[in-house]
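So the structure is just underneath, and the comments pick up after that.
Bear in mind these aren't lab numbers, they're just calculated from the coordinates by the rules spelled out. Just so it is clear, the model here is predicted, and its values are computed rather than measured. Cβ coordinates were reconstructed from backbone atoms using ideal geometry, including for glycine residues, and neighbour counts include every protein chain displayed.
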Amino acid sequence: MSASNTHFFLNWAKERVDEMDAALASFEAKAEEVGADLRARANHAIAELRKSRDEFKETVKKQAAANEAAWATVKTQLDADWARFQSDVQKYVDGFGEQIKQQQTTFKLQGDAQLKAWREAADKFNAAAAEFAAERRVEIDAAVARMKAEAATADEKLEKLHKAGTESWSVLTAALSETRGVFDRANQLAREAFKKAAA
C-alpha cells in the first residue's frame, strides 16, 4: 500500500486518538473538583475511558503497516470503538461535567486536537506529494490546499462556539462531529488525489 493510503487511515485514527487524549486530559485535570461522594465513580469512569483509548491505540499500532483491505476491515471495528468512547464521554459529562463546569474545557481541548490533526495531515500529504512530478501533483496540491482552507473554517467555527461559552454539550459535540466529518472528507479527497496521481 502506498504511503498516501497509509496516511489516510493513520490520519483518521490519529485524529480520534488525539480527541480521546484531549477528553481524558480534561477529565483528569478536573477530577479533584468532583465532590468527594462522586469521586470514586468519576475516577472509575476515567479509568474505563483510558482503557478504551489504550485499546484503540493498540489496534491502530498493530495496523500501521497493514494493506488497504486490512485497514478497511479494522476501520469498521475502530468506528464502533470510537462511537462507544464518545458515548462514554457523554455519560461522563452528563454525570460529572455539570458539577465541575467541564463542557467548555473538554470542547476546547478536543477542538484543538482536531485542528492539530488537520494541520499534521496536510503537512504529511504535502510532503508525500513531493514524490510526484509537478504535472501529477496538481490535484494533490489542490486537495491539500482545500484541507488547509477547511481547517481554517473549522477553527473559526469552533473558536466562536468556545468563546460564546453558553452552548449546551449537545451543540458542542455536534460541532465537533461536523468538523470531524469535514476532516474525514478532506482526508478522503486527498487520498483519492494520490491514487489518481499514482495511476
Connecting C-alpha atoms closer than 10 Å in a GNM of the chain, tell me which of ALA134, ALA142, ALA83 has the biggest fluctuation.
ALA134
Rounded to the nearest 20 Debye, what is the dipole magnitude of the stretch 3-198 about its Cα centre when Lys and Arg each give +1 and Asp and Glu each give -1 at the C-beta?
280 debye
The chain: calculated mean residue ellipticity at 222 nm from DSSP helix runs of at least 4, using -39500 (n - 2.57)
-29500 deg cm²/dmol
Once the dipole of the chain is set up with Lys and Arg at +1 and Asp and Glu at -1 on Cβ about the Cα centre, which of ALA133, ALA174, ASN11 lies farthest towards its positive end?
ALA133
Residue exposure sequence - PHE8, PHE132 - by fewest surrounding Cβ within 10 Å
PHE132, PHE8
Quick one: Cα convex hull volume of the stretch 62-133, Å³ per residue?
106 Å³
For the chain, longest principal axis from Cα atoms; helix 103-129 axis from its Cα atoms; angle between them, nearest 10 degrees, is 10 degrees
Cα-Cα pairs of the stretch 3-198 separated by more than 30 Å (percent)
26 percent
